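One structure is given here, and the rest of the page talks about it.
Laboratory data are not the source of any read-out in this text; all were calculated from the coordinates shown. The structure presented is a predicted model; accordingly, all values stated were derived computationally and were not measured. Neighbour counts are summed over all protein chains in view; Cβ atoms, including those assigned to glycine, are modelled from backbone coordinates with ideal geometry.
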Amino acid sequence: MEKSGLRIDLLGTSISIAADEDPVYLESLLNRYRIVIENTQKSTGLQEPLKLALLTGFLLCDEIEKIKKREGREGREAEQLTLDLIARIDEAIPND
């Protein structure tokens, strides 16, 4: 895949990146980050760009960890249900 470029202008600074991702996907990430920055700024009143960036990054990491835990728990629950079903099927099938 060809590298996509993205210019990020946030919190008083600019940076250009290149990534092996779809440009639409990169824009969606940037938009999500902007929204979280705005929400963080509104809820905390922080104005200092570095502190705002650090807290926003921390909140996004928290969000990711919660999703991973939820998915892991759901995955284990699905696995247990599958094993229970297999055990019930084994019990229902007569052994020769």
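Return the only residue of GLN47, GLN41 being free of Cβ contacts under 8 Å to residues at least 60 places away in the same chain and surrounded by 12 or more Cβ atoms within 10 Å (Cβ to Cβ). Walk me through it before giving the result.
Details: GLN47 fails: surrounded by 12 or more Cβ atoms within 10 Å (Cβ to Cβ).
Being free of Cβ contacts under 8 Å to residues at least 60 places away in the same chain and surrounded by 12 or more Cβ atoms within 10 Å (Cβ to Cβ) holds for just one of GLN47, GLN41, which is GLN41.
Any idea which of LEU85, LEU60, LEU46, LEU52 is assigned to a helix (DSSP H, G or I) and in contact with a Ser or Thr (Cβ under 9 Å, 6 or more places away or on another chain)?
Result of the check over LEU85, LEU60, LEU46, LEU52: LEU52.
So is ILE15 in a helix (DSSP H, G or I), among the β-branched types (Val, Ile, Thr) and without any contact (Cβ under 8 Å) to a residue 40 or more places away in the chain or not?
So ILE15 does not fit the description; no.
Can you tell me how many residues within region 12-29 are over 16 Å from the mean Cα position of the chain (by Cα) and either surrounded by 10 or more Cβ atoms within 10 Å (Cβ to Cβ) or closer than 25 Å to LEU50 by Cα (or both)? Before you say what the answer is, go through the steps one by one.
Narrowing region 12-29 to residues over 16 Å from the mean Cα position of the chain (by Cα): 12-20, 22-24.
Cutting the leftovers down to either surrounded by 10 or more Cβ atoms within 10 Å (Cβ to Cβ) or closer than 25 Å to LEU50 by Cα (or both) gives us 12-19, 22-23.
Summing the residues that are over 16 Å from the mean Cα position of the chain (by Cα) and either surrounded by 10 or more Cβ atoms within 10 Å (Cβ to Cβ) or closer than 25 Å to LEU50 by Cα (or both) in region 12-29 gives 10.
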